[in-house]
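Every number here is computed from the coordinates shown, using simple stated rules; none is lab data. Values in this document were obtained by computation on a predicted structure and should not be read as measured data. So basically every Cβ, Gly included, is an ideal-geometry build from the backbone, and we count neighbours across all protein chains shown.
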Amino acid sequence: MSAVSTLIPIVERDVHLRMMEPQRDLLQVADLIELCFTETLDSDGFQYLRQVRAMARSSKWMTWMYNLAEQAGNMPVLGYVWEDRGQIVGNVSLIPMDLPAEQRGFLIANVAVHPEHRGRGIAQALTAKAVEYARRRKAASTWLQVRAENTPAVHLYQKLGFRERARRTTWSAKPDLPSRYGLAGVRLLDRSGRHWRQQQDWLDVWFPPELRWQLTYNASLLAPGLGGMLYRMASFQFVRHWAVERSGRLQGVLSWLEDEARPENMILAAPLNGTADEDALRELLQHARHAIGRSPQLSLNCPADFLPSIFPAAGFFARQTLIWMDLPVGSQPSSVISV
C-alpha cells in the first residue's frame with residue numbers, strides 16, 4: 001500500500017479536508033492566499049485575487065459549470081480546502097497542463113495554511129490529497145513551484161518525493177536607466193536573420209520542453225522572415241531584438257515583447273556552458289534598457305546560476321527565485337503524517 005493510499009483514508013474520515021466548492025469557498029480562499037502570500041504577491045497576483053473574488057460573487061451557474069468541468073477532467077483550476085469550525089484555514093489548487101508528447105500533467109499551486117494553524121501537517125495532507133487526485137487522473141507528472149528561500153516548504157515537498165528540476169530567477173528592471181560604459185571590441189546591433197539559428201539553439205537550452213508550458217518562449221513569435229511577421233500580425237504581438245557581437249562572433253540576443261501585461265516580457269539567449277561573455281551581455285542589457293526607455297515593467301526569466309552579476313549592473317533586481325519540482329508518474333509521497 002502506498003503512502004498516499006494510507007494517508008487518504010485517514011484524512012477523509014476527518015471532515016476538515018474536502019474538495020473546494022467555488023460558490024461557497026472562493027472568497028475565503030482568496031483571503032487566505034492574500035494573508036499567506038501578501039509579501040510576495042506582485043501586480044499579477046493581486047489581479048488574480050480580484051478575478052477570483054469576482055467569480056465568487058457571480059451567479060450559481062458557476063458552481064454547476066465547475067462540477068461539470070471537474071467531472072470531465074478539464075477544469076482550469078480546482079483544489080482542496082481544510083476547514084476548521086467553519087473557517088477555511090488551508091488550501092491547495094490544482095491546474096491541469098499539457099506536457100510534451102501530448103501528455104497530461106498537473107501543477108500544484110497556492111498551498112496556503114493560516115499562520116495560527118501551521119505545524120499540524122495540514123499543508124502535507126493537502127498536497128498529498130492533490131497528488132492522489134492527479135494520480136487518479138493518470139497524470140504523467142505533477143509539478144509545483146516554491147520560492148527558494150521557503151526552506152520549510154522545500155523540505156516538505158522533498159519529503160513527499162518531489163525532485164528539483166530547475167531553479168529560475170525573475171529579474172525586474174528598476175525605474176532609472178543604468179549607466180552606459182562602452183566596451184572596446186563589442187558591437188551592438190539589431191538582430192538579423194543570420195542570428196536566428198544560434199538564438200534558437202540557445203533558447204532550446206534555456207527553455208527546455210518540460211518547463212516551456214509556463215515560460216515566455218514561442219519560437220514562432222521570435223522567428224524572422226515572412227512566417228514570423230505573419231504570426232506576429234495575426235496575434236497582435238510586436239517584438240524588438242538586439243544582438244551583441246565580439247570579434248565578429250555572436251555573444252547573445254535579447255528580445256523584448258512589447259506587451260507590459262506579460263509577467264516576463266524580455267527573453268535573453270546566450271551560451272549556458274560557461275563560455276558566456278559576461279561583459280558583452282551586460283552591454284547588451286544596458287543597450288536595450290536605453291533603447292526601450294523608461295518602461296513601467298521590464299523583466300526576464302533565466303536559470304538562477306546564470307551570471308547573476310550582469311543584471312544589477314544593467315539596472316535589474318532579483319524579484320524572486322523559484323525552484324521547479326516534479327513528482328514523476330508512479331511516484332507517491334514517501335511519508336505519512338497524522339493530522
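Some observations on this one:
- Rough spin-label spacing in nm, given labels placed 7 Å along Cα→Cβ, for ARG136 and ILE292: 4.5 nm
- Here the simple spin-label model places points 7 Å from the Cα toward Cβ, and for VAL205 and TYR48 these points are separated by 3.1 nm.
- Difference of contour (0.36 nm per residue) and Cα-Cα distance, ARG104 to ARG249: 48.1 nm
- Here region 150-179 is scanned for amide nitrogen atoms under 16 Å from the site 7 Å beyond the Cα of THR321 along Cα-to-Cβ, giving 150-155, 164-172.
- Ordering of 125-136, 162-173 by packing is 125-136, 162-173, highest average first (other Cβ atoms within 10 Å, averaged per residue).
- The order of the peptides 186-198, 20-32 by mean Cβ neighbours within 10 Å, most packed first, is 20-32, 186-198.
- Spatially, region 251-307 and region 127-195 are offset by 15 Å when compared through their Cα centroids.
- A simple spin-label model places pseudo-atoms 7 Å from Cα toward Cβ; at ASP259 and MET233 they are separated by 1.8 nm.
- Ranked by the mean number of other Cβ atoms within 10 Å per residue, highest first, peptides 262-272, 80-90 order as 262-272, 80-90.
- Computed from the C-beta positions of ALA166 and ALA276 and an R0 of 22 Å, the FRET efficiency is 0.80 to the nearest 0.05.
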